[in-house]
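Everything below concerns the one structure shown next.
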Amino acid sequence: MKNKKGLIIALVVIAVIAIFAGSIVSSYNSLVDERETVTNAQANIQTMLQRRADLIPNLVNTVKGYAAHEEEVYTAIADARSKLSGATTVDEMEKANSELDSAISRLLVVVENYPELKADTQFINLQDELAGSENRISVARKDYNDVAKAYNTHIKKFPANIIASMFNFEQAEYFEASSEAQTAPSVNFD
């Protein structure tokens, strides 16, 4: 009788330990899945940014055909593209992308001085592709922020927060609008 009672207690303890261990393994695997989803979403943004960066040399070369003397603008674009290609973190991508946006804006100001360029079919097609890339980047950023939010929420909730801290799961950074985007552009028809 005593052995039977001891056996039951041992089985209950083993069952509790197995349930606890299963919970830890399940929580860990869930965190790994979510972290990989965040990493994949970040890679998708990098792919979209690279696609846009790959279109820019064609746009620059088209503009160069009309405005060869605007070397400062071309250099700024090349430098920004280089930084974007080397960006690995969300923060680096945001800064490099902001720099590239600024350089492209200056290029488009140059274009305004050349009406025949604005009518060039190749230039128009490249502008359309660039606009399509911007839309894809916007969607990819939103998708990234959605999965980053789910992951960040999960690593803060109990009991996953214990597992997350034990195994060094860190919060994912969000893509946020640059400080320049916070200011509305001024429009002047004078």
Given the criteria in contact with a Pro (Cβ under 9 Å, 6 or more places away or on another chain), open to solvent by less than 100 Å² (accessible area, probe 1.4 Å) and not basic (K, R), does S23 qualify? yes
Kindly establish whether R106 is surrounded by fewer than 19 Cβ atoms within 10 Å (Cβ to Cβ) and assigned to a helix (DSSP H, G or I). yes
Of the residues that sit in the range 38-58 and are polar (S, T, N, Q) and open to solvent by 50 Å² or more (accessible area, probe 1.4 Å), which one is farthest from the chain's Cα centre (by Cα)? N58
So which of T88, T75, T121 ends up being open to solvent by 50 Å² or more (accessible area, probe 1.4 Å), among the β-branched types (V, I, T) and under 30 Å from S30 (Cα atoms)? T88
Residues of the range 91-100 being touching a residue at least 12 places away in the same chain (Cβ under 8 Å) and open to solvent by 20 Å² or more (accessible area, probe 1.4 Å), which ones? D91, E94, K95, S98, E99
Qualifying positions in the range 138-156 - in contact (Cβ under 8 Å) with a residue 40 or more places away in the chain and either touching an Asp or Glu at 6+ places or on another chain (Cβ under 8 Å) or open to solvent by less than 20 Å² (accessible area, probe 1.4 Å) (or both): A140, Y144, V147, A148, A150, Y151, H154, I155
In the range 63-71, is there at least one residue being open to solvent by 70 Å² or more (accessible area, probe 1.4 Å) and at pLDDT 85 or above? no
All but one of (1) open to solvent by 80 Å² or more (accessible area, probe 1.4 Å); (2) under 16 Å from A41 (Cα atoms); (3) among the charged types (D, E, K, R); (4) part of a helix (DSSP H, G or I) hold for E176; state the number of the condition that does not hold. (4)
Checking R35 against (1) within 30 Å of F167 (Cβ to Cβ); (2) in a loop (DSSP other than H, G, I, E, B); (3) more than 13 Å from the chain's Cα centre (by Cα), only one condition comes out false. Which one? (2)
Within the range 53-96, how many residues are farther than 15 Å from L107 by Cα and either out of contact with any Phe, Trp or Tyr (no Cβ under 9 Å at 6 or more places or on another chain) or of a type in the set (V, I, T) (or both)? 14
Taking only pairs six or more apart or across chains, which ones have beta-carbon atoms under 7 Å, a first residue in the range 120-131 that is free of Cβ contacts under 8 Å to residues at least 40 places away in the same chain and within 13 Å of N61 (Cα to Cα), and a second residue that is part of a helix (DSSP H, G or I) and open to solvent by 80 Å² or more (accessible area, probe 1.4 Å)? none
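The values are calculated or read from the model by the stated rules, or taken from the named source; none is laboratory data. For clarity, every value in this text was computed on a predicted model and none was experimentally measured. As a convention, Cβ positions derive from the backbone with ideal geometry for all residues, glycine included, and neighbour counts pool all protein chains shown. These accessible areas exclude ligands, DNA and RNA; they are computed on the full protein's heavy atoms, side chains included. Shrake-Rupley method; radii C 1.70, N 1.55, O 1.52, S 1.80 Å.
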